[in-house]
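Peer 1: Sharing a structure below in structure tokens format, with a few things to ask.
The values are calculated or read from the model by the stated rules, or taken from the named source; none is laboratory data. As the structure is a computational prediction, the values presented were derived from the model and not from experiment. Virtual Cβ from ideal backbone geometry, glycine too; neighbours counted across all protein chains shown.
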Amino acid sequence: MTHSDEIPRPRGERDVRYFKGSTDGKRPLTKDPLEGAASAYDLVVIGSGLGGLTAANVLGRAGHGVALLEQHYNFGGLATWFRRKGGHTFDISLHGFPIGMKKTCRKYWTQEIADSIEQLDGVRFDNPQFSFETEFTRVDFTNKLVDVFGLERAKVEAFYDELRRMDFFDPTTETTGELLERCFPGRNDVHRLLMEPISYANGSTLDDPAISYGIVFSNFMSKGVYTFSGGTDTLIKKMKAELVANGVEIFNSVLVDKIVIEESPMGERRVAGVEALGRFIAAKAVVSNANVLTTVHKLVGAAHFDPDFVAKAGKVRLNTSSCQVYMGVRDGAELPWVTDLLFTSTRPTFTSESLCDFHGESRTFSFYYPKTRPQGRPRYSVVSSTNARWEDWAELDQAAYDAAKDKLAADTLACLEGYVPGVGGLIDHVEVATPRTFAFYTEHPTGTSFGTKFEGLEVSTQLPDEIGGLFHAGSVGIIMSGWLGAANYGAICANKVDAWLYSLAEVSA
């Protein structure tokens, strides 16, 4: 069994040094990643998360000249994958998303991509308060709440209806915890069922605004949880092909240093382009798929914004990060059917904050069976995910960091043994990712895997008001997180960029 933090070496490379992610730093560039890039584009997109990819595709399809710059060697942001020796392919974040992703992919990508989205066969909860399999639909959840938890059907239906009526612009200050307590007073077990999967999906807590919970939960409660058949490697390959077909020029291993801002004699601030790898690339518009705080403070710089806006951005809280344990089953071995997605915990009661506990008692398991990648050899893997806090991991020295990762791997395998006895004998690769890993590979501050809290959405949407031609399509506000939220936010952003570019064309005509 291997326990690795290494990144794969490019095919054919013969150097003997492995670069172990956050331990050793990034591999030096051996060629110019911007070779063939033009000196100017209508739009430069910084980052290739689903928001950046979707914005680039929509605008490329509309006929604009688009360059997509990704700092990593893979595209997809957190919707990506990595390979390890032994034939293992691991998805970073694949399970799961609402059925609305099919419509989004059909509208902004291709029918082929939309048709590859399939419903999970099983979602399972197992904790001291309840244990059952669910279809994760409104009908099945309602039946569980009535038959298992003993709630009145009318109260359950009223709860769903209230969530559906929630207005994004509603000024209410009610938190998710207050909402759940008002609707189901004293029922911590009910709160756990309704909140736990959403906390894992986007890092939200009981203290976050109820509106953010209501929108995300309602999306999932339509027709269950879905995933992409073929794996993220196949998904991103198809998305890259579509981008190229629509004229988008894509470049990886390009870390943008700066978004260049120019100021007119009248004091109007406007995007001029970007600087990357010692080059200036002119652009009429820039979409940042980076974290919104990175965009404001690092890529642009606070000096280019009004002080009031900088103060508002200063109040934006980053969301939490994640830990993941990737477990690969050796070639030829098989996993028995357990479920697709398992929410498990040994905590007797629920708090959303406890999901982030350092070496806590709660985790999810995503089981990957051959159906995930039907185009390849039959392979199995399991990925465990836990929410995590940056501060628990950031200051550990190397020995303590390695020990903490070893403990996380051991605890995870021990938990998995309870569902698949003898699984340790089937696994030949174990690898741990922590908030430090996510920070290193994504450039996200504090390794946040869920963007920002709710207040970040307002700052994100107001960027064009501060600087003409500057847009943001990163994960913000809890709502614009996850696969569906990110892709839809990219499309929303693309429509605004299109209007901006059209206005410039009218002025110059």
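Peer 1: I'd like the residue in segment 142-163 that is modelled with pLDDT under 95 and either touching a strand residue (DSSP E or B) at 6+ places or on another chain (Cβ under 8 Å) or of a type in the set (Asp, Glu) (or both) and, out of all such residues, is surrounded by the fewest Cβ atoms within 10 Å (Cβ to Cβ).
Peer 2: Asp161
Peer 1: Also, quick follow-up: Return the residues of segment 115-147 that are β-branched (Val, Ile, Thr) and in contact with a helix residue (DSSP H, G or I) (Cβ under 7 Å, 6 or more places away or on another chain); say none if nothing qualifies.
Peer 2: Ile117, Thr134, Thr142, Val146
Peer 1: From Phe97, Phe130, which residue is exposed (fewer than 15 other Cβ atoms within 10 Å of the Cβ), of a type in the set (Phe, Trp, Tyr) and either within 19 Å of Val225 (Cα to Cα) or not assigned by TED's automatic domain parsing to the domain that holds Tyr502 (or both)?
Peer 2: Only one candidate passes the filter, namely Phe130.
Peer 1: Let me ask something else. Taking segment 61-81 as the region of interest, how many residues are modelled with pLDDT of 95 or more, of a type in the set (A, V, I, L, M, F, W, C) and either within 9 Å of Ser48 (Cα to Cα) or surrounded by fewer than 21 Cβ atoms within 10 Å (Cβ to Cβ) (or both)?
Peer 2: Residues flagged as modelled with pLDDT of 95 or more, of a type in the set (A, V, I, L, M, F, W, C) and either within 9 Å of Ser48 (Cα to Cα) or surrounded by fewer than 21 Cβ atoms within 10 Å (Cβ to Cβ) (or both) within segment 61-81 amount to 4.
Peer 1: Can you say whether Leu194 is assigned by TED's automatic domain parsing to the domain that holds Ala154, under 22 Å from the mean Cα position of the chain (by Cα) and modelled with pLDDT of 95 or more, as far as the supplied structure shows?
Peer 2: When the stated conditions are applied, Leu194 passes them.
Peer 1: Further question: Please enumerate the residues belonging to segment 33-73 that are of a type in the set (D, E, K, R) and in contact with a Lys or Arg (Cβ under 9 Å, 6 or more places away or on another chain).
Peer 2: Asp42
Peer 1: Being buried (at least 20 other Cβ atoms within 10 Å of the Cβ) and either closer than 30 Å to Leu413 by Cβ or out of contact with any Ser or Thr (no Cβ under 7 Å at 6 or more places or on another chain) (or both) narrows it down to one of Thr320, Thr339, Thr351, Thr295, so name that one.
Peer 2: Thr320
Peer 1: Go through (1) buried (at least 22 other Cβ atoms within 10 Å of the Cβ); (2) assigned by TED's automatic domain parsing to the domain that holds Gly47 and name the single condition Leu243 misses.
Peer 2: Every listed condition holds for Leu243 apart from (2).
Peer 1: When you scan segment 249-277, how many residues do you find that are farther than 21 Å from Lys31 by Cβ and either within 23 Å of the chain's Cα centre (by Cα) or not β-branched (Val, Ile, Thr) (or both)?
Peer 2: Taking segment 249-277 and keeping what is farther than 21 Å from Lys31 by Cβ, we get 258-273.
If we keep only those that are either within 23 Å of the chain's Cα centre (by Cα) or not β-branched (Val, Ile, Thr) (or both) as well, we get 258, 262-270, 272-273.
Final tally of qualifying residues: 12.
Peer 1: Ok, one more. Of everything in segment 183-203, what is free of Cβ contacts under 8 Å to residues at least 40 places away in the same chain, out of contact with any Asp or Glu (no Cβ under 8 Å at 6 or more places or on another chain) and not aliphatic (A, V, I, L, M)? Give them in sequence order.
Peer 2: Phe184, Pro185, Gly186, Arg187
Peer 1: Among the candidates Val225, Val296, Val274, Val286, single out the residue that is of a type in the set (A, V, I, L, M) and over 26 Å from Ile467 (Cβ atoms).
Peer 2: Of Val225, Val296, Val274, Val286, the one residue that is of a type in the set (A, V, I, L, M) and over 26 Å from Ile467 (Cβ atoms) is Val225.
Peer 1: What's the number of the condition Val325 fails, among (1) out of contact with any strand residue (DSSP E or B) (no Cβ under 9 Å at 6 or more places or on another chain); (2) of a type outside the set (Asp, Glu); (3) within 30 Å of Pro128 (Cβ to Cβ)?
Peer 2: (1)
Peer 1: State all residues of segment 424-480 that are in a strand (DSSP E or B), more than 21 Å from Trp393 (Cα to Cα) and not small (Gly, Ala, Ser); if no residue qualifies, say none.
Peer 2: Ile427, Asp428, His429, Leu470, Phe471, His472
Peer 1: Which one of the conditions (1) within 25 Å of Ser204 (Cα to Cα); (2) assigned to a loop (DSSP other than H, G, I, E, B) does Pro421 fail to meet, given that it meets all the rest?
Peer 2: Answer for Pro421: the failing condition is (1).
Peer 1: Here's a follow-up. If a residue must be assigned to a helix (DSSP H, G or I) and under 28 Å from the mean Cα position of the chain (by Cα), how many such residues does segment 303-328 contain?
Peer 2: 6
Peer 1: Go through (1) assigned to a loop (DSSP other than H, G, I, E, B); (2) under 30 Å from Asn188 (Cβ atoms) and name the single condition Asp331 misses.
Peer 2: (2)
Peer 1: Sticking with this structure for a sec: Can you tell me which residues in segment 179-237 are touching a His at 6+ places or on another chain (Cβ under 6 Å) and surrounded by fewer than 23 Cβ atoms within 10 Å (Cβ to Cβ)?
Peer 2: Narrowing segment 179-237 to residues touching a His at 6+ places or on another chain (Cβ under 6 Å): 180, 227.
The one that is touching a His at 6+ places or on another chain (Cβ under 6 Å) and surrounded by fewer than 23 Cβ atoms within 10 Å (Cβ to Cβ): Leu180.
Peer 1: How many of the residues making up segment 84-138 are out of contact with any Pro (no Cβ under 6 Å at 6 or more places or on another chain), outside any helix (DSSP H, G or I) and either at positive phi or not hydroxyl-bearing (Ser, Thr, Tyr) (or both)?
Peer 2: Qualifying residue count, segment 84-138: 32.
Peer 1: Which of the residues belonging to segment 444-492 are among the acidic types (Asp, Glu) and either surrounded by 24 or more Cβ atoms within 10 Å (Cβ to Cβ) or in contact (Cβ under 8 Å) with a residue 60 or more places away in the chain (or both)?
Peer 2: If the condition is that a residue be among the acidic types (Asp, Glu) and either surrounded by 24 or more Cβ atoms within 10 Å (Cβ to Cβ) or in contact (Cβ under 8 Å) with a residue 60 or more places away in the chain (or both), then Glu455, Glu458, Glu466 are the ones that fit.
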